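The values are calculated or read from the model by the stated rules, or taken from the named source; none is laboratory data. Since this is a predicted model, take the numbers as computed values, not measurements. All Cβ positions, even for glycine, are placed from backbone atoms using ideal geometry, and neighbour counts span all protein chains on display. Quick note on the areas: whole protein, heavy atoms, side chains included, nothing else; ligands and nucleic acids left out. Shrake-Rupley method; radii C 1.70, N 1.55, O 1.52, S 1.80 Å.
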Amino acid sequence: MVFGRATRLFAGAMTVVCMVLVGPSAPGGAVFGRSLPIAAVRDAVPNRVMTWNICNPCEVSNVDRAAEIAAYAPQVIGLQEACVRDVERIRDYLESLHGLVYHVEYGMVLQDWGRCGGLPWSPGAFGQAVLSAAPMTDRVHVEYPDGGSEDRGYMAVTTTVGGQQVRVFNTHLAQRRQEEVRADQTAVLATEVARHDRAIVLGDFNAVPDAPELARMWVLATDTDPQCRPSPVGTCEVTTDWHSKFDYVFLRGIAPLRHRVQPSAYSDHHLLHTDVALG
């Protein structure tokens, strides 16, 4: 009896030790925020914006995705190929693990059980999302008349960047080898962007800078990289694992200060972020 009691006490003590060291588990196998070191609440960089196609379907931890974003702490992030549940978790991890608090708006175009989980009669929503450290207003969500091989669209919000109100767009154009479809999509997007004297357009355009279907965007805006232009003399950093530039931060009425393209182990697209001046 004494031996059995001692065994039980030892097992109980080890359980307490494990709980202290590991902490309570959270859905998805990750350790919940309170069990990990939490950085002090911090501010986003007020004039920094980012675009990132986070890759889907990909077996990637949202803890890792959040850490990639937190490393640069942008004021605004445009995500493509995003599931609502993933975005919710990314936002939660940004706050609980990194002290970064974001608002979120969605521009979803698909209900996709295969991509986003859920149940066949209640699938997850898939498309774009914008996270902003400042509140967002006037959200619009437009599905392109022709999405190509998969429904596509754009979303837009008004939020604060660099202390100024600005219209922010986020889009994902049709997949490669669908040039005519992308040209029609760009025409829809450009018509709306043209209504604003000052705008930031984030997204995965699935087209290289000198592709004819991007001509409408180049008329309205410039790339955040001053060296990147739709001509043979332009030098554009690649933004994908297959060495193409598909991801853009187009600026209209806004000056770029500096930018960075950062490859990621968690997506086939690189993170692209830029600091801007809204004088």
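Could you tell me what percent of the accessible area of region 65-140 is made up of carbon and sulfur, with a 1.4 Å probe and every protein chain present?
Percent of accessible area from carbon and sulfur atoms in region 65-140: 51.
Can you pull out the GluC sites (Glu not before Pro) in region 149-256 whose DSSP state is coil and whose Cβ has at most 15 other Cβ atoms within 10 Å?
Working: sites: E150, E179, E180, E192, E213, E237; in loops: E150, E237.
Of the GluC sites (Glu not before Pro), the ones in loops of region 149-256 whose Cβ has at most 15 other Cβ atoms within 10 Å are E150, E237.
Run through region 192-244 and list the chymotrypsin sites (Phe, Trp or Tyr not before Pro) located in a DSSP loop whose Cβ has at most 16 other Cβ atoms within 10 Å. Mind dumping the intermediate values first?
Values: sites: F205, W218, W242; in loops: F205, W242.
Answer by residue number: W242.
For region 45-277, what does the relative contact order come out to in percent, with C-alpha contacts under 8 Å and a separation of six or more? Write out the running numbers ahead of the final one.
Values: 569 pairs, mean separation 46.2, N = 233.
Here the relative contact order equals 20 percent.
Can you run phi through the Karplus equation (6.51, -1.76, 1.60; θ = phi - 60°) for region 122-132 and list ³J(HN,Hα) in whole Hz, with x for Gly and Pro?
8, x, x, 8, 9, x, 10, 8, 10, 10, 9
Taking Rh as the Kirkwood radius computed over C-alpha pairs, what is the Stokes-Einstein D of region 45-277 at 20 °C in a medium of viscosity 1.002 mPa s, expressed in µm² per second?
My calculation gives 123 µm²/s for D.
Please report the equivalent ellipsoid semi-axes of region 170-279, computed as sqrt(5 x eigenvalue) of the Cα gyration tensor, largest first, in whole Å.
For region 170-279, the ellipsoid semi-axes come out as 19, 19, 13 Å.
By how many nm would the segment from N56 to R139 lengthen if fully extended, with 0.36 nm per residue of separation less the alpha-carbon distance?
Once the chain is fully extended between N56 and R139, it gains 27.5 nm.
I'd like the distance between the alpha-carbon centres of region 245-279 and region 103-170, rounded to an integer number of Å.
19 Å
Accessible area per residue, 1.4 Å probe, Å², for region 228-279: what's the number?
Computed with neighbouring chains in place, this is 45 Å² per residue.
How much net charge surrounds C236 when only the other residues with a Cβ under 12 Å from the Cβ of C236 are counted, with Lys and Arg +1 and Asp and Glu -1?
Result for the local shell: -3.
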